[in-house]
Structures are given as C-alpha cells and as structure tokens.
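Visitor: Below is a structure I'd like to ask you about.
Derivation of every value follows stated rules applied to the coordinates shown; laboratory data play no part. For clarity, every value in this text was computed on a predicted model and none was experimentally measured. In this analysis, Cβ positions are derived from the backbone assuming ideal geometry, glycine residues included, and neighbour counts consider all displayed protein chains.
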Amino acid sequence: MNIVKKIKTLLKEAELYHSQGLMYEAIAKYNDATELIQKNEQLKNKQNLLEGISKKINVLNKDISKIELAPKKPEVSENIQDLIKKMYAFSPDMDEGAKALEGAVALAKFGQFKRAISDFNELLKRDSTRVDAAKNILRCHMALFSIDEAISQYEKWLLDDIFNPDHLNKIYIFFESLLNNEGVEKTLPKTKEQVDKVKVAVSSENDQVQISEPKDAGLEKSETVSEGEVESEAGSEDVLDVNSIGISVDSGPQKGHVYEFKVRFQLGKVVSLLIPSRDKDVIENFKIGSEIHDVQYYSNVGLFKGSGLVSAVKEITIGPLRGDYCVDIEVMVH
Amino acid sequence: MAILNLKKRQIECKIVYYGPGRCGKTTNMEHIYKSYKKQVTGEMISIDTEGDRTLFFDFLPMGLGEIKGFDVRVQVYTVPGQVQYRSTRKCVLKGVDGVIFVADSLAVRREKNMLSLKDLQHNLKEYGINIFKIPLVMQHNKRDLAGEGLPIMAVEQMERDLNRQLKVPSFPASAISGQGVGATLKECLKLTLISLKREMKLGQ
C-alpha cells in the first residue's frame with residue numbers, strides 16, 4: 001500500500017472510531033498517521049495535514065475531558081429514583097420496613113444521597129429500622145463530604161429522645177469507626193450531658209473572648225472509647241458490623257478445622273451466613289439453639305472473639321444458590 | 001432471583017445486558033424497544049451522561065404473556081460498561097436471572113471484551129452465582145463494521161477468546177441495524193425460563 005493510501009486509511013479508521021465513541025482508539029490512529037506523515041519528507045501539504053490532525057486530536061481530548069469531568073453520580077429525576085428503589089426492594093419475604101430500608105440503601109449506592117437521607121429519616125420512625133437508618137444517614141452525610149453535618153446530626157440525636165441509650169451507643173461505635181476510617185480525628189460525645197458540656201464550654205469561651213486549646217472538645221479522656229476498648233464495647237449489647245466470621249469445629253471428623261464465612265447481612269446481634277453446599281459437613285455442627293464456641297468475628301475495626309447461638313438453619317431450595325444453606329447466628333461476646 | 005407471586009400468578013425475572021463500554025448494549029435495548037412494541041409494557045428509561053455513555057443503567061419492562069397460567073414479566077437492564085462504574089454494574093446485577101454478554105467485534109476492543117467477561121464472572125461470584133450455571137448468551141456485535149473498512153475479529157477468534165470454556169449460545173449481530181438482536185434476546189429468555197421452570201419444580 002502506498003504511503004498516501006496508508007495515511008488515508010488511518011484517518012478514516014480514526015474518524016470511524018470517533019463516531020463509535022472510542023476516543024482513545026481514534027487518537028491512537030491519528031498518532032499513527034502523524035508519525036507516518038512526519039517520516040515522509042516528500043509528502044505534499046505535510047504541514048497542513050499535521051495541523052488538521054492536531055486539531056482533530058484536540059477535539060477528541062476535549063471530548064474525553066468532558067466525559068471525565070462529568071459528575072459520576074448526579075442526582076436523577078424522582079421517577080428514576082423510584083425505579084432504583086423498586087429494583088432493590090423486591091424480596092417477598094421482607095416486611096415493609098426492611099423493603100423501604102433496602103430501597104433507601106440502593107438510592108445511596110447510586111449516589112442519590114439527598115433523597116436517601118430523606119427516606120432514612122422516615123425510617124427513623126420505625127423501631128425495626130431506626131438504628132440502621134441512623135447509621136446510613138451518617139454514611140450519606142459523610143459521602144456528601146459534609147462531615148460537620150454528620151457530627152451535628154449525631155449530636156442532635158444525643159439531645160433528642162428518639163433513641164434509647166443502647167441505640168445511641170451502637171450509633172456512637174459505628175460513627176466513631178466511620179470517622180476513623182475516613183481519617184477524621186474527632187472525639188465524639190457519648191451522652192446528652194457531654195454535648196451540653198461542650199456547648200457550655202463553647203459559649204463561655206465566646207463570652208470571655210478567650211482563646212483556648214480545643215484539643216479534646218471539653219471531654220475527659222476516660223469518657224471516650226479508644227480503639228482498644230472497642231472489643232469490650234462489643235461485649236455488651238452492641239455488636240459492631242461484622243464482615244466475616246471464623247468458626248473452629250470442636251467435635252466430629254472436622255474437629256480443629258477452621259471455616260471462614262462471609263456475613264451476608266446483619267440485623268443487630270444476628271449475623272446471617274451463606275454456607276456453600278460444598279461445606280455441608282460443617283452444617284451438622286449448626287443445630288438450632290446450640291452454642292458454637294470459639295468464634296472469631298471480623299469487623300472493620302478489628303477482630304473480636306466470642307461464641308454464637310445458632311438461631312436459624314435453612315436450606316436454599318430455589319435459585320442459583322440452591323443447595324447452599326442460610327444460617328443465622330446470634331453474636332455472643334463474653 | 002425471579003419473583004414468584006402465587007397470589008397474582010405472576011413471575012418477574014431480570015435479564016441484564018453486560019459488556020465493555022461502547023459495545024452496543026443500549027443500542028440493543030433501543031432496537032428491542034422500537035421493534036417489540038407488543039411485548040414492551042412500559043417506557044424505556046435511559047440514564048446516560050456526556051458522550052451518550054450509560055451512567056447507571058437502562059431499563060425496559062416487557063411482558064411475555066402467560067406461561068402455564070403465570071403472567072411472565074421481564075425486566076431488561078443494561079449496565080454501564082466503562083471500567084470506573086464497577087460498583088454500579090455490581091448493583092445492577094443483583095437478583096439477575098439471565099445475562100446477555102455483548103462483545104465488541106472491533107479488533108481494537110479484544111482485550112476490553114475479555115476484561116469485561118472476567119468482571120462479569122467476578123461480580124456474579126460476589127452474589128454467589130456461578131457464570132457456568134446462570135443462563136448466559138453471547139452476542140458478537142458490530143459485525144457490520146467490516147463493511148466500513150474497520151478491522152474486526154473473526155467469529156471463530158471471538159469464540160476462542162470468550163466462549164471456549166463457557167460454550168454458551170452465541171449470535172453475530174449488528175445492533176444498529178437490528179440484525180441478531182431479537183435472536184439473542186429470545187435465546188436468553190428461553191434459557192432463563194427453562195432454568196426458572198427447573199428451579200420451580202425442584203422447589204416444590
């Protein structure tokens with residue numbers, strides 16, 4: 001193929017790739033053409049050709065920038081948000097609260113944080129979803145980069161009467177771990193009194209127009225939970241979000257073998273595991289009501305040990321997971 | 001997983017078009033929307049961004065009529081193909097019953113096809129679904145571009161690259177003209193319904 005024909009072919013390919021939306025492939029072809037033109041001294045209109053190609057590459061680069069700078073998860077219309085919710089709240093076994101919670105979580109996953117926060121706020125009214133909704137509201141605020149908003153929301157809850165102390169403690173542990181993961185150093189108040197104390201300190205600072213070290217937000221060290229204390233916190237009614245668990249079999253032919261399972265979901269103290277059919281042997285150790293000793297619980301914060309009470313064992317009979325088992329275990333930390 | 005409503009005698013299942021960015025998933029769906037009006041039961045919803053790239057998903061509701069006294073409804077989705085939307089693709093795959101993998105026949109997209117298929121396998125696995133077990137159909141799209149002078153891969157090569165182990169039904173197609181689009185969807189629906197029927201029998 002002569003050189004002119006080769007260049008023409010490359011330019012045509014570049015145009016076609018561009019029309020297909022394949023920007024990088026188009027640029028590659030234009031670059032190949034440029035190289036070929038530059039190498040060939042005898043080519044007529046060489047400079048004009050190179051300038052023309054350079055303009056085309058500029059246009060492509062602008063298109064690429066537009067695409068890359070476009071918001072990754074923009075707010076979409078209410079109709080589409082409703083569809084997103086519907087997509088995820090479809091399990092017939094779920095109650096209304098759980099469905100609504102799943103729908104709101106889906107909205108958050110698709111970056112529809114404002115609507116998600118509004119839906120989670122509605123779910124604060126239900127006992128069954130209150131704590132999960134609160135955790136997700138904090139998550140949404142954090143995702144919107146309004147850490148201050150999240151903290152002020154948390155402090156407002158401490159002052160309100162929506163949550164009981166047990167719930168507040170759960171939210172506290174969750175929020176502290178969320179802030180730690182984001183690298184935010186902030187000592188959170190744990191009780192209403194501590195929030196009041198901070199407010200009084202701030203107001204008296206303002207009255208006296210004095211500059212003081214805002215190191216610990218007026219909290220005493222003993223009142224905060226350090227990372228080392230998380231384990232003992234988890235030992236009370238509060239259970240951290242568990243990602244996976246390790247179980248040591250203590251009897252039968254599998255004695256001593258450690259199995260690790262991912263947690264599918266968690267509701268308070270109860271974690272739900274999916275046990276593949278290939279691990280059928282281990283199912284025999286799970287009798288409803290029986291206690292499993294020596295369980296390792298892996299959370300985002302770290303590992304904590306304890307035992308577990310088997311509350312449900314169900315074989316999945318339909319769907320792609322047919323033959324696998326769903327096992328619910330109540331976390332017990334001594 | 002398909003939703004079975006015994007009270008309303010309804011089966012609702014979910015088909016997802018998967019594949020690399022710009023391979024023609026939305027074009028497939030647009031053709032279905034235009035050409036299968038009888039089966040389409042609502043509006044097609046597209047959420048796209050700059051450069052007509054699918055942002056979250058496209059959605060098309062369809063009805064297949066009655067099968068053994070059950071009203072069969074199908075929700076067809078596409079995923080965003082661009083690499084950076086991995087988490088969205090995973091979200092859209094939740095509860096999937098059947099998958100159509102749209103591969104791009106352009107030779108320059110060979111690697112993207114393979115990466116996307118691996119991504120599909122990985123995302124299915126996260127939901128506990130085995131790619132070898134789920135109803136899956138492959139489409140070799142953009143066959144028409146050979147006529148435009150662009151280098152495209154031979155079907156045999158694409159089969160070797162993508163379907164050597166899976167051995168699923170595959171169709172050459174040109175979504176822009178509609179060729180092969182209906183055949184691909186019909187095959188996927190057939191496999192999905194067979195699979196659902198088998199599951200329902202076993203579940204009884």
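Visitor: Using Cα-Cα distances under 8 Å and only pairs 6 or more residues apart, what relative contact order does segment A:3-69 have, in percent?
Guide: 29
Visitor: Binning at 10 angstrom from zero up to the longest distance, how are the C-alpha pair distances of segment B:25-107 distributed in percent?
Guide: The distribution over segment B:25-107 is 16, 45, 30, 8, 1, given as percents.
Visitor: Provide a whole-number value for the mean count of partner chain Cβ atoms within 10 Å of the Cβ atoms in peptide A:67-78.
Guide: 3
Visitor: Something else now. DSSP loop (so not H, G, I, E, B), at most 13 other Cβ within 10 Å: list which GluC sites (Glu not before Pro) in segment B:28-113 pass both filters.
Guide: For GluC sites (Glu not before Pro) across segment B:28-113 that sit outside H, G, I, E and B with at most 13 neighbouring Cβ atoms in 10 Å, the list reads B:43.
Visitor: Rank the residues A:286, B:57 as a footprinting-exposure proxy: fewest other Cβ atoms within 10 Å of their Cβ go first.
Guide: Sorted ascending by nearby Cβ count, the order is A:286, B:57.
Visitor: Let me ask something additional. Please work out the Cα convex hull volume for segment A:1-120 and give it in Å³ per residue. Kindly include the intermediate steps, with their values, before the conclusion.
Guide: Numbers: hull volume 15.6 nm³, N = 120.
Taking only Cα atoms, segment A:1-120 has a hull volume of 130 Å³ per residue.
Visitor: OK, next. Could you tally the net charge around residue A:325, taking each other residue with its Cβ under 10 Å from the Cβ of residue A:325, Lys/Arg +1 and Asp/Glu -1?
Guide: Here the count lands on -1.
Visitor: Separate question: Which one of B:126, B:12, B:159 has the biggest mean-square fluctuation once chain B is modelled by GNM with Cα springs under 10 Å?
Guide: Highest fluctuation among the options: B:126.
Visitor: Now for a different question. Mind checking A:16-23 for the average number of partner chain beta-carbons within 10 Å of each residue's beta-carbon?
Guide: Mean inter-chain Cβ contacts per residue within 10 Å come to 5.
Visitor: Note down the magnitude of the dipole of segment A:3-69 about its Cα centre, charges +1 on Lys and Arg C-beta and -1 on Asp and Glu C-beta and zero elsewhere, to the nearest 20 debye. The partial results should precede the final answer.
Guide: Working: 12 positive and 9 negative charges, 61 e Å.
In debye, rounded to 20, segment A:3-69 gives about 300.
Visitor: To one decimal place, what Kirkwood hydrodynamic radius in Å is obtained for segment A:3-69 from all pairs of distinct Cα atoms? Display every interim value, and only then the final one.
Guide: Details: mean 1/r = 0.0826 Å⁻¹.
For segment A:3-69, inverting the mean 1/r across all distinct Cα pairs yields 12.1 Å.
Visitor: For the protein assembly as shown, give the share of DSSP beta bridges that are antiparallel, in percent and rounded to the nearest 5; count only bridges with both residues there. List each step's numbers first, then the result.
Guide: Details: 53 of 74 bridges.
Rounded to the nearest five, the antiparallel share is 70 percent.
Visitor: Nothing charged except the Cβ atoms of Lys and Arg (+1) and of Asp and Glu (-1): what's the magnitude of the dipole of the protein assembly as shown about its Cα centre? Round to the nearest 20 debye.
Guide: Dipole of the protein assembly as shown, to the nearest 20 debye: 3400 debye.
Visitor: So, one more: Among B:181, A:118, B:63, whose Cα sits farthest toward the positive end of the charge dipole of the protein assembly as shown (+1 at Cβ of Lys/Arg, -1 at Cβ of Asp/Glu, about the Cα centre)?
Guide: The residue sitting farthest along the positive end of the dipole is B:181.
Visitor: To continue, here is another question. Hey, how many Å between the Cα centroid of segment A:176-192 and the Cα centroid of segment B:63-109?
Guide: Each part reduced to its Cα centre gives a spacing of 40 Å.
Visitor: Sticking with this structure for a sec: Going by a ≥ b ≥ c, the root eigenvalues of the Cα gyration tensor, does the protein assembly as shown fall in the rounded group (a/c under 1.5), the prolate group (a/b larger than b/c) or the oblate group?
Guide: Here the protein assembly as shown falls in the oblate category.
Visitor: Shifting gears a bit: Treating the Cα atoms of segment B:38-178 as identical point scatterers in vacuum, please give the log10 of the normalised Debye intensity I(q)/I(0) at q = 0.18, 0.21, 0.22 Å⁻¹, two decimals.
Guide: Taking Cα atoms of segment B:38-178 as identical point scatterers yields -1.23, -1.48, -1.52.
Visitor: Taking only Cα atoms and a 10 Å spring cutoff, compute GNM fluctuations for chain B and point out the largest among B:170, B:46, B:87.
Guide: Greatest mean-square fluctuation among the candidates belongs to B:87.
Visitor: Could you tell me how far the Cα centroid of segment B:1-27 sits from the Cα centroid of segment B:174-196, in Å?
Guide: Segment B:174-196 and segment B:1-27 have Cα centres spaced 12 Å from each other.
Visitor: Related question: Inside 10 Å of the C-beta atoms of B:56-63, what's the mean count of C-beta atoms belonging to other chains?
Guide: For peptide B:56-63, the averaged partner shielding equals 3.
Visitor: In the neighborhood of residue B:105, defined by Cβ-to-Cβ distances under 15 Å, what is the net charge if each Lys or Arg adds +1 and each Asp or Glu adds -1?
Guide: With Lys, Arg at +1 and Asp, Glu at -1, the net is -1.
Visitor: Within chain B, which whole H helices from DSSP have a Cα span along their axis of at least 24 Å and a mean Kyte-Doolittle hydropathy of 0.0 or more, if any?
Guide: B:181-203
Visitor: Over chain B, with a Gaussian network built from C-alpha contacts below 10 Å, which listed residue (B:58, B:161, B:104) shows the highest mean-square fluctuation?
Guide: Most flexible of the set in this elastic network: B:161.
Visitor: Determine the alpha carbon to alpha carbon distance for each of A:29/A:55; B:7/B:186; A:66/B:142 and list only those over 23 Å.
Guide: Beyond 23 Å: B:7/B:186; A:66/B:142.
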